[in-house]
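Student: Sharing a structure with you now.
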Protein chains: 2
Amino acid sequence: MVAAAPMAEILKRAGAERVSETAAKALAEVVRDIAFEVAKDAVRFAQHAGRKTVKRSDVELARKRI
Amino acid sequence: MVAAAPMAEILKRAGAERVSETAAKALAEVVRDIAFEVAKDAVRFAQHAGRKTVKRSDVELARKRI
């Protein structure tokens, strides 16, 4: 779901001269894990508000917890 | 770079019954921003270790800061 290639690009944009393949993969893992943590919180916030639909405001609230 | 469609999938996997389009976009923004923050730290850690190549260990160290 989160590919390593765009992660290598992000590392370059962040100033990396060179990026090892495993570094790009590690960043993809970080991103995937954090996205899931934020998503779980967002779902909880939607449920807490009595909604079945997760909205932008749920994700924004979840973001503040990381 | 981070598409909204896989973010909607992540929200579903996290338990969402329904996901608004803007929620998926918001999660994509969160992911993009966090990836860049982690990447900047990883680059600093590589430089601090006297390397031009960002390695997995730099990303893992950067992850601990968020």
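Student: Using alpha carbons only, how many degrees (0 to 90, rounded to 10) separate the axis of helix B:21-48 from the longest principal axis of chain B?
Tutor: 10 degrees
Student: For chain B, with the dipole built from +1 on Lys and Arg beta-carbon atoms and -1 on Asp and Glu ones, taken about the Cα centre, which of B:Thr53, B:Phe36, B:Leu11 lies farthest toward the positive end?
Tutor: It is B:Thr53.
Student: What's the carbon and sulfur percent of chain A's accessible surface, probe 1.4 angstrom, rounded to a whole number? The partial results should precede the final answer.
Tutor: Working: 1770 of 3630 Å².
It is 49 percent, rounded to a whole number.
Student: Still on this structure, please answer the following. Considering Cα pairs under 8 angstrom that are at least six residues apart, work out the relative contact order of chain A and quote it in whole percent.
Tutor: 27 percent
Student: Something else: Restricting everything to alpha-carbon atoms, can you work out Rg to Rh for chain B with a Kirkwood hydrodynamic radius?
Tutor: Computed over Cα atoms, the ratio is 1.15.
Student: Now a separate question. Just to be sure I understand: if I project the alpha-carbon convex hull of the protein assembly as shown onto a plane and average over all orientations, what area do I get in nm²?
Tutor: About 7.0 nm², averaged over all directions.
Student: Right, another one. Which residue, A:Glu37, A:Glu29, A:Glu17, tops the fluctuation ranking in a GNM of chain A built on C-alpha contacts under 10 Å?
Tutor: Residue with maximal mean-square fluctuation among A:Glu37, A:Glu29, A:Glu17: A:Glu17.
Student: Using alpha carbons only, how many degrees (0 to 90, rounded to 10) separate the axis of helix B:4-13 from the longest principal axis of chain B?
Tutor: Its long axis makes an angle of about 80 degrees.
Student: Taking only DSSP H segments of four or more residues, each worth -39500 (n - 2.57), what value at 222 nm results for the protein assembly as shown once the sum is divided by all its residues, to the nearest 500 deg cm²/dmol?
Tutor: For the protein assembly as shown, the value works out to -23000 deg cm²/dmol.
Student: A further question on this structure: Taking 0.36 nm per residue of separation and subtracting the Cα-Cα distance, what length does fully extending A:Ala49 through A:Arg32 add? Show your work: numbers first, answer last.
Tutor: Values: separation 17, 0.36 × 17 = 6.12 nm, distance 2.58 nm.
My answer for the length gained is 3.5 nm.
Student: Rounded to the nearest 20 debye, what is the charge dipole size of the protein assembly as shown about its Cα centre when +1 sits on each Lys and Arg Cβ and -1 on each Asp and Glu Cβ?
Tutor: Working: 28 positive and 18 negative charges, 31 e Å.
Charge dipole, the protein assembly as shown, about its Cα centre: 160 debye, nearest 20.
Student: Go ahead and run the numbers for FRET between A:Glu21 and A:Ile66, Cβ-Cβ distance against an R0 of 25 Å, rounding to 0.05.
Tutor: On the way: r = 27 Å, r/R0 = 1.06.
The value I calculate is 0.40.
Student: Here's something else I'd like to know. When each copy gets a label point 7 Å from Cα toward the beta-carbon at B:Lys12, what are the spacings between them in nm, shortest first?
Tutor: In nanometres, ordered from closest: 3.3.
Student: Can you grab the distance from the C-alpha centre of the range B:1-59 to the C-alpha centre of the range A:36-63, Å, no decimals?
Tutor: If we compute the Cα centre of each part, the gap is 18 Å.
The values are calculated or read from the model by the stated rules, or taken from the named source; none is laboratory data. Being a predicted model, the structure only gives us computed values, none of them experimental. Heads up, the Cβs are rebuilt from the backbone with ideal geometry, glycines too, and the neighbour counts pull from every protein chain shown. Note: accessible area is taken over every heavy atom of the protein model, side chains too, but ligands, DNA and RNA are not part of it. Shrake-Rupley method; radii C 1.70, N 1.55, O 1.52, S 1.80 Å.
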